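Shown next, in structure tokens, is the structure this report addresses.
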Amino acid sequence: MILGIADSVNGVRIRLTDERWEHILDSHPELASYRETILDAVENPDYILASRRGALAAVIVLGRRAFLHVFYVEKGQRDGFILSAYLEEEFRRSGRRDGQGKDRMAQIEPRGIVIPSKEELLSAARRRVSLPPGELWLDYQDDVDTLYISLKEKANPTHSESDVDDLVVFDYEGEELVGIEIMDITGQLKYANPS
């Protein structure tokens with residue numbers, strides 16, 4: 001179900017689905033009252049960052065040390081969807097501004113996402129981030145090609161940091177890294193289409 005639609009700075013209608021909203025709240029319950037703000041960030045961002053992987057991040061300044069990041073994908077000139085959102089205390093200007101990454105957006109091909117094995121997911125994750133030793137809990141969301149790796153069984157993240165270029169979000173509980181979200185984990189994000 002679609003909870004809201006925002007027109008991106010490129011004029012593309014970006015959907016926020018109930019599944020993506022639940023994902024955002026599972027990782028970042030502090031955003032429960034931010035649904036309209038997330039949609040507004042897509043429509044009226046203070047900054048737009050483009051990742052090397054084809055997604056965009058709309059960033060709005062909420063305060064002196066509060067920046068809302070909203071990752072989304074423009075699947076073409078008429079449709080797109082929100083992947084994730086989180087708050088960050090610092091803003092690092094990596095990526096490209098104001099839609100310059102638009103020409104780099106992947107062409108959409110008519111095929112679905114191939115579901116990788118746990119070993120393939122871990123291998124792909126290790127190519128993008130350094131994983132600590134110990135037990136890892138994996139949650140792969142095939143409809144948006146996103147892997148969430150929990151490093152602690154019952155974590156309550158207090159803040160996040162990101163690598164916009166590589167579509168990676170690091171969740172911390174105090175100073176301890178407790179989770180890693182890797183979007184476009186298998187390179188199939190261009191085929192994603194959450195309902």
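Values as computed for the structure displayed
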{"item": "The stretch 105-146: number of residues that are closer than 30 Å to N44 by Cβ and either modelled with pLDDT of 85 or more or under 18 Å from the mean Cα position of the chain (by Cα) (or both)", "result": "7"}
{"item": "Every pair of residues 6+ apart whose Cβ atoms lie under 6 Å, when the first sits in the stretch 124-145 and is without any contact (Cβ under 8 Å) to a residue 60 or more places away in the chain while the second is small (G, A, S) and assigned to a loop (DSSP other than H, G, I, E, B)", "result": "D145/A192"}
{"item": "Boolean, P132 is part of a loop (DSSP other than H, G, I, E, B) and either closer than 16 Å to H28 by Cβ or of a type in the set (A, V, I, L, M) (or both)", "result": "no"}
{"item": "Candidates D139, D171, filtered to the one that is in a strand (DSSP E or B) and surrounded by fewer than 16 Cβ atoms within 10 Å (Cβ to Cβ)", "result": "D139"}
{"item": "Pairs, first over 9 Å from E43 (Cα atoms) in the stretch 1-13, second surrounded by 14 or more Cβ atoms within 10 Å (Cβ to Cβ) and of a type in the set (S, T, N, Q), C-beta under 7 Å, six or more apart", "result": "M1/T17; I2/T17; L3/T17"}
{"item": "Hey, I182 at pLDDT 90 or above, touching a strand residue (DSSP E or B) at 6+ places or on another chain (Cβ under 6 Å) and farther than 21 Å from E90 by Cβ or not", "result": "no"}
{"item": "Residues of the stretch 13-23 that turn out to be surrounded by fewer than 22 Cβ atoms within 10 Å (Cβ to Cβ) and β-branched (V, I, T), as a count", "result": "1"}
{"item": "Hey, G63 of a type in the set (G, A, S), more than 21 Å from I180 (Cα to Cα) and out of contact with any Lys or Arg (no Cβ under 9 Å at 6 or more places or on another chain) or not", "result": "yes"}
{"item": "Test: L83 is within 23 Å of F170 (Cβ to Cβ) and either in contact with a strand residue (DSSP E or B) (Cβ under 8 Å, 6 or more places away or on another chain) or buried (at least 19 other Cβ atoms within 10 Å of the Cβ) (or both)", "result": "yes"}
{"item": "Which listed residue is at pLDDT below 95, of a type in the set (D, E, K, R) and either more than 16 Å from the chain's Cα centre (by Cα) or not in a strand (DSSP E or B) (or both), from D26, D40", "result": "D26"}
{"item": "Residues of the stretch 142-168 that turn out to be assigned to a strand (DSSP E or B) and farther than 30 Å from E74 by Cα, as a count", "result": "0"}
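The values are calculated or read from the model by the stated rules, or taken from the named source; none is laboratory data. For clarity, every value in this text was computed on a predicted model and none was experimentally measured. Cβ coordinates were reconstructed from backbone atoms using ideal geometry, including for glycine residues, and neighbour counts include every protein chain displayed.
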